[in-house]
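The values are calculated or read from the model by the stated rules, or taken from the named source; none is laboratory data. These figures come from a predicted structure and were not determined experimentally. Note that we place each Cβ from the backbone using ideal geometry, even for glycine, and neighbour counts take in every protein chain shown. Just the protein is used for accessible areas: all its heavy atoms, side chains included, with ligands, DNA and RNA removed. Shrake-Rupley method; radii C 1.70, N 1.55, O 1.52, S 1.80 Å.
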Amino acid sequence: MKRALGVGTHFVQSLANAVPGACAPYRRLCDGVHPLLSACVPLCRSFLTSAFSRSAVFCAAGAIARAQVATLDPFQVTATRGGPPPEETPVAVQVFDANALTQFPTITLDDTLREDASFSLFRRTDSLLSNPTSQGVSLREIGPSGASRSLVTSNGVPLNDPFGGWVLWDSAPRLSLRSATIVQGGGSGVWGNQALAGAIELIDNPFAGRLPSGALQGDFGAFDTESIEAEAAAAAGPVSVAVDARAFSTGGVFNLRRSDRGAVDRPLASHHEMERVTARDAISSAVQAQVSASLFDEYRNNGTALTHNGTRIGTVSATLDGSPSAAFAWSAVAYAEQESFEALFSSVSSDRSTETPSDNQFAVPATAVGGALTGEWTSAGGAHTSIGADARQVSGETREDYSYSDGNFTRLRTAGGTQDFAGVFVHQDRPILDGWHLNLELRADHWELKNGHDWEYLFNGSAPTLNRYPRQSGNEASPDLGVVGNFAPGWRWRAAVYRGFRVPTLNEFYRPYRVGNVSTLANPNLSPESMIGGESGFEYDQGPIHFKITGFADALDDAVGTVAVSSTPSLVTVQRANLNSVSVLGAEGSLAWDLGSVFTLEASYLCNDSRILRADAQPSLVGLRLQEVPRTTLTAAGIWHGPAGFRAEVRARWVSLEFDDPANTLRLPSATVADVEFSRNFGGGIEIYAAMENALNAAVMTSLTSAGLATYDAPQMLRAGLRWHW
């Protein structure tokens, strides 16, 4: 816990120092945020350094409570971006409430979201062990890869990495989360780029309820795993301030079987810290303002003595929310993000006794700035209309040494560019019959790719290779049409057709890389992906039973995948390329059954058949299944609320066979993982718990090379800890 306590000594001071450089495009905002952060330093230091002393915390809470407290209404932000509530949405929606997100048997947020069978990451492992570049999120297994095909936002600010599109789940505060909403199906209608397969909106509101308030959670477990997270909020007059902090470390586990390990192999150890401060002010009776600034710092060992990666992210955001009348509301958000990333890759000998560096990605600076404005109103006839506009610019460049020979790197590469996105949308939810609604959405986007380059220098003094790529741009239209209605007591039917798109990331366009014996080449000539799809489903929600089932069919064009270039026993070379046409057919369903107030049963199911219909870049792929896509995923859970505050939760996830290569030759067997948690609530907001992840100690294969070397997810892992809410 030393690392956790150390966070308190520099918590918000580091934020205050970082803000001016991180958000230069929003100078006026920074000028207001910087003094606020500096003023919060003593409060944050006092809170964290006294977190383990109940008497000290209660004294602090009592002192704050004597101040005048102003309670503000929560911001009205949803994953449908001003659209209808979930029960009036024509596409499938899954909502995780605060209890589901904070009472969890799993360490990571993304592992909790995997309770929905439609949610998955690129690899079978979660963010506890996986490299950040493998944390691309996919909904309904639509074209998974390291780059997400689903947009993830936190209070309206995108979490997708500016350079590579993956999602750093640990950068999001967890204790203050109030909901996580997964909108499946084509989400580009209101969200635009990266929402091709849907959107996930994380909503946190530390100011909800009575102030002052706070929460503390700490646990320890196997493999030297330690975690502590805290959040606290207080108000004085019209201003409310909240702080969030987390420190986590693990000694890690080996991802190779003992018989496959050699002298170079190491556990997948990691540690990270997250700090955030948020302030809210009621400017008037109709307008609220909120500013937030956060830092995230992570370091990972990637399984051998040399390989590692590190990430540092600074983010500031500002939100204005207004409700001038009961029939009209508006919101505006602006944000700026600055990120640095570095990683070292290696080549390991066949007996795993030696390794040599293969790529030193010593710096990947990336920035993202953007904003959105949304207005919504309800007409006298009950029609709900929202209209909005948003813009985002991302810029990034990889700087790396490569081509290792005779003890030294011989080449230097800098490759990257800039992407601009701007879009407008209109959405209307209109009653058409008693209990029936028609949903119409139309979005228009313009995107531009510029400053694309790949500069390569030889350390022997030879002439460099300077590749400058032409500017590209395009326009996209994303219409959505849906209908939803009640046709019998408790029964609802919905149907929708939609179109979505995704522009490849800077990483996909410009950065080649090598992992193990597989070298992947970049492709600056990639085309944007597009998808046309439809779905129809039934839902039943009455009494103790909540049930839904959905069938969907999607046509994914120009999906970014990889095609073979060459293959030798020591090196397999592939290149990113557009697969002309991919068919995605499937069904999903879920069931929740409340057996009184004591026991709850839950289940979720996804069946997916994703096949390549046309691939001019490699015709032999036609008819094959997409890489890393299981045909079937099933999750189940049982939750027991016993007497005297006892609670038990058991969750299991089963995935069927999938393939680890485009040619469908490397088979990853089906796997089952079960997690268990027991807890007792002692009153006063204090709860102790014990959790066991992968309770059956299943060997879950996560990757397989052509030489037969397999990696595995974490084995059985036991943790115990304390939760305290006040």
* Given a 1.4 Å probe and the protein chains all in place, what does the accessible area of H446 round to, in Å² to the nearest 10? -> 80
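Want the number for I688 to S405: 0.36 nm per residue separation, take away the alpha-carbon distance, what's left? Could you put the intermediate results ahead of the total?
Values: separation 283, 0.36 × 283 = 101.88 nm, distance 5.45 nm.
Between I688 and S405, full extension yields an extra 96.4 nm.
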* Asked: How far is it, in nm, from the label point at L458 to the one at T354 when both lie 7 Å from their Cα along the line to the Cβ?
  -> 2.6
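Sort largest first and round to whole Å: the equivalent ellipsoid semi-axes of region 531-578, each the square root of five times a Cα gyration tensor eigenvalue. Don't jump to the answer; show the numbers that get you there.
Values: eigenvalues 381, 49, 6 Å².
They are 44, 16, 6 Å, listed from largest to smallest.
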* Asked: Leaving out ligands, DNA and RNA but keeping every protein chain, what accessible area does Y402 have, in Å² rounded to the nearest 10, with a 1.4 Å probe?
  -> 30
* Fully extended, how many nm does the chain gain between A263 and A286 (0.36 nm per residue separation, minus their Cα-Cα distance)? -> 1.8 nm
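Checking understanding here: applying a Kyte-Doolittle mean of at least -1.0 and a length along the axis of at least 24 Å (C-alpha), which whole DSSP H helices in the chain pass? Can you show the working numbers first?
Values: long enough: 2-22 (29 Å, 0.35); 27-49 (32 Å, 0.58).
Flagged H segments are 2-22, 27-49.
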* What whole-number value in cubic angstrom gives the convex hull volume per residue for the C-alpha atoms of region 450-582? -> 183
* Centroid-to-centroid separation of region 122-192 and region 266-323 [C-alpha atoms, Å] -> 15
* Dipole magnitude of region 231-390 about its Cα centre (Cβ charges: Lys, Arg +1; Asp, Glu -1), debye to nearest 20 -> 400
* Separation in nanometres of the label points that stand 7 Å from Cα toward Cβ, at D541 and R468 -> 5.6
* **Over region 559-702: Rg over Rh, Cα atoms, Kirkwood Rh** => 1.16
* Selected from I387, A334, G314, residue furthest toward positive end of dipole (region 287-430; charges at beta carbon) -> I387
* To do: Treating only the Cβ atoms of Lys and Arg (+1) and Asp and Glu (-1) as charged, compute the dipole magnitude of the chain about its Cα centre; round to the nearest 20 debye.
  => 740
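State the volume of the convex hull built on the alpha-carbon positions of region 222-334, expressed per residue in Å³ and rounded to an integer. Show your work: numbers first, answer last.
Details: hull volume 16.0 nm³, N = 113.
Taking only Cα atoms, region 222-334 has a hull volume of 142 Å³ per residue.
Over the chain, what is the relative contact order in whole percent, taking alpha-carbon pairs under 8 Å and six or more residues apart? Walk me through the numbers on the way to the answer.
Working: 2068 pairs, mean separation 77.1, N = 726.
Worked out over the chain, it gives 11 percent.
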* To do: Answer with one residue from I612, G533, A222: the one whose Cα lies farthest towards the positive end of the charge dipole of the chain, charges on Cβ with Lys, Arg +1 and Asp, Glu -1.
  => A222
* Structure fact -> Here, Q393 and T568, labelled 7 Å along Cα→Cβ, have an inter-label distance in nm of 4.4
* Can you work out the base-10 log of I(q)/I(0) for region 627-709 at q = 0.12, 0.13, 0.15, 0.18 1/Å, using the Debye formula on its C-alpha atoms alone? -> -0.51, -0.57, -0.66, -0.79
* Asked: From the list (1) 37, 31, 28; (2) 47, 30, 25; (3) 44, 37, 22, can you say which value of semi-axes √(5λ) of the Cα gyration tensor in Å was derived from the structure given?
  -> (1)
* Asked: Over the Cα atoms of region 451-521, what is the Rg over Rh ratio if Rh follows Kirkwood?
  -> 1.34
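Can you sort R614, R653 by solvent-accessible area, 1.4 Å probe, largest first?
Values: R614 125, R653 40 Å².
Largest accessible area first, the residues go R614, R653.
Using unit Cβ charges (K, R positive; D, E negative) and no other charged atoms, how large, in debye to the nearest 20, is the dipole of region 667-722 about its Cα centre? Could the numbers behind the result be given before it?
Numbers: 3 positive and 5 negative charges, 23 e Å.
Using Cβ point charges on Lys, Arg, Asp and Glu, region 667-722 gives about 120 debye.
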* Once you have all Cα-Cα distances for region 388-496, histogram them in 5 Å bins from zero and send the whole-percent values. => 2, 10, 13, 11, 9, 8, 8, 8, 7, 6, 6, 5, 4, 3, 1, 0
* Asked: For the chain, what % of the accessible area comes from carbon and sulfur atoms, probe 1.4 Å?
  -> 59
* Debye log10 I(q)/I(0) for region 275-318, one point scatterer per Cα, at q = 0.20, 0.25, 0.32, 0.33 Å⁻¹ -> -0.71, -0.85, -1.03, -1.06
* What whole number of Å gives the distance from the Cα centroid of region 677-713 to the Cα centroid of region 520-559? -> 29
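For the chain, what is the mean residue ellipticity at 222 nm derived from helices alone (per DSSP H run of n ≥ 4: -39500 (n - 2.57); sum divided by total residues; nearest 500 deg cm²/dmol)? Spell out each step's value before the answer.
Values: 7 runs with 75 residues, N = 726.
After summing the helix terms and dividing by the residues of the chain, the value is -3000 deg cm²/dmol.
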* Structure fact -> In Å², rounded to a whole number, the accessible area per residue of the chain with probe 1.4 Å is 39
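By the gyration tensor of its Cα atoms, with a ≥ b ≥ c the square roots of the eigenvalues, what is the shape of region 270-408: rounded for a/c under 1.5, prolate for a/b over b/c, or oblate?
prolate
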* Decide, for region 197-267, between rounded, prolate and oblate: order the square roots of the alpha carbon gyration tensor eigenvalues as a ≥ b ≥ c, take rounded if a/c falls under 1.5, and otherwise choose prolate if a/b is larger than b/c, else oblate. => prolate
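Counting pairwise Cα distances across region 107-243, what percent come out greater than 19 angstrom? List each step's numbers first, then the result.
On the way: 5059 of 9316 pairs.
Percentage above 19 Å: 54.
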